[in-house]
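Inspection log for the structure reproduced underneath, given as structure tokens.
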Amino acid sequence: MRLQGMTHTVEILEASPVTHNVRRLRVEKPDGYRFTPGQATLVGIDRDGWREERHPFTFTSLNEWDDLEFTIKIYPDHDGLTARIGELAAGDRLILEDPWGTINYKGPGTFIAGGAGVTPFIAILRARNAEGGLAGHRLIFANKTERDIILREEFEAMPGLECVWVVTDDDSAPEHMQGFVDRDFLKRHVEDNTQNFYVCGPDDMVDDIKSILTEMGAEPDALTFEE
Ligand SMILES: Cc1cc2nc3c(=O)[nH]c(=O)nc-3n(C[C@H](O)[C@H](O)[C@H](O)COP(=O)(O)OP(=O)(O)OC[C@H]3O[C@@H](n4cnc5c(N)ncnc54)[C@H](O)[C@@H]3O)c2cc1C
């Protein structure tokens, strides 16, 4: 069992859409609160009946920012935490615990994400972009449809970052984007198996990609979001 750390009650400063089902929450940052890009914390809602229901979400802000930011995929049809988060507005309050590690940045390499699994990479790539540039960094981002792609314009504008968009279920997307991040795809895209690989997304996707990369001689860092 994980011991519960300090909790912080913070106000939502702004809630805005990122895609049709992803929201950005800008929230107050507790004094002295710091994290490493890629880290997450448990988040609850400061409302009767919800305070103890805390789920992990990743900081997508940088320490240099005045506020914290979360980028959250909402599942509106399911009576869970994110459906409630989808209804929150500026002035509502969240409960945050202390930051803890998820994916560790070890240097340039290939980042493979599915859906909201891109959130640790938002933080890591924003931080690298601000600090030293993104030469040698590649983002392979798989989604069901083109409109699901989170922060596409921001990623495409990051100098040095190579972006590969993959859509699995969208006939209207350009043909070169359509496909799956499967064995064939990885064989075509991985020239160097000694580079760093970071994988984050739904559990079946992460399991498959991890085992294919391992078979190819790579040592991927992987994080499961259990979507
Ligand atoms: C370390 C870590 C960091 C994370 N960071 C982020 C982040 O930054 N952003 C983010 O968006 N997510 C993140 N996640 C995932 C996030 O924690 C979950 O998406 C969230 O907890 C879901 O909570 P929920 O109560 O809304 O849904 P839950 O009750 O947990 O259920 C969500 C699941 O229900 C399924 N579902 C949807 N509709 C229905 C339905 N009608 N009936 C049955 N099942 C349904 C969904 O496919 C999904 O698998 C992270 C996960 C981990 C482990």
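Summary of computed values
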read-out: Residue in region 144-163 that is within 17 Å of the chain's Cα centre (by Cα), under 20 Å from residue 17 (Cβ atoms) and assigned to a strand (DSSP E or B) present; value: no
read-out: Hey, residue 135 hydrophobic (A, V, I, L, M, F, W, C), in the same structural domain as residue 18 (by TED's automatic domain parsing), more than 12 Å from the ligand (Cβ to nearest atom) and in a loop (DSSP other than H, G, I, E, B) or not; value: no
read-out: Selection within region 129-153 - closer than 13 Å to residue 201 by Cβ and among the hydrophobic types (A, V, I, L, M, F, W, C); value: 139, 140, 141, 142, 150
read-out: Any hit, region 172-190, residues being touching a His at 6+ places or on another chain (Cβ under 9 Å), modelled with pLDDT of 95 or more and either away from the ligand (no atom under 16 Å from the Cβ) or in a loop (DSSP other than H, G, I, E, B) (or both); value: yes
read-out: Residue that is nearest to the ligand (Cβ to nearest atom) [pool: residues in region 55-73 that are acidic (Asp, Glu) and surrounded by 13 or more Cβ atoms within 10 Å (Cβ to Cβ)]; value: 69
read-out: Odd one out for residue 205, checked against (1) at pLDDT 95 or above; (2) at positive phi; value: (2)
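Let's see how each residue does on (1) β-branched (Val, Ile, Thr); (2) within 17 Å of the chain's Cα centre (by Cα); (3) surrounded by fewer than 22 Cβ atoms within 10 Å (Cβ to Cβ); (4) more than 25 Å from residue 189 (Cβ to Cβ):
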| site | (1), (2), (3), (4) |
| --- | --- |
| 75 | no, yes, yes, yes |
| 84 | no, no, yes, yes |
| 87 | no, no, yes, yes |
| 93 | no, no, yes, yes |
| 96 | no, no, no, yes |
| 100 | no, yes, yes, yes |
| 109 | no, yes, yes, no |
| 122 | yes, yes, no, no |
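The values are calculated or read from the model by the stated rules, or taken from the named source; none is laboratory data. As the structure is a computational prediction, the values presented were derived from the model and not from experiment. Neighbour counts run over all protein chains shown; Cβ positions are idealised from the backbone, glycine included.
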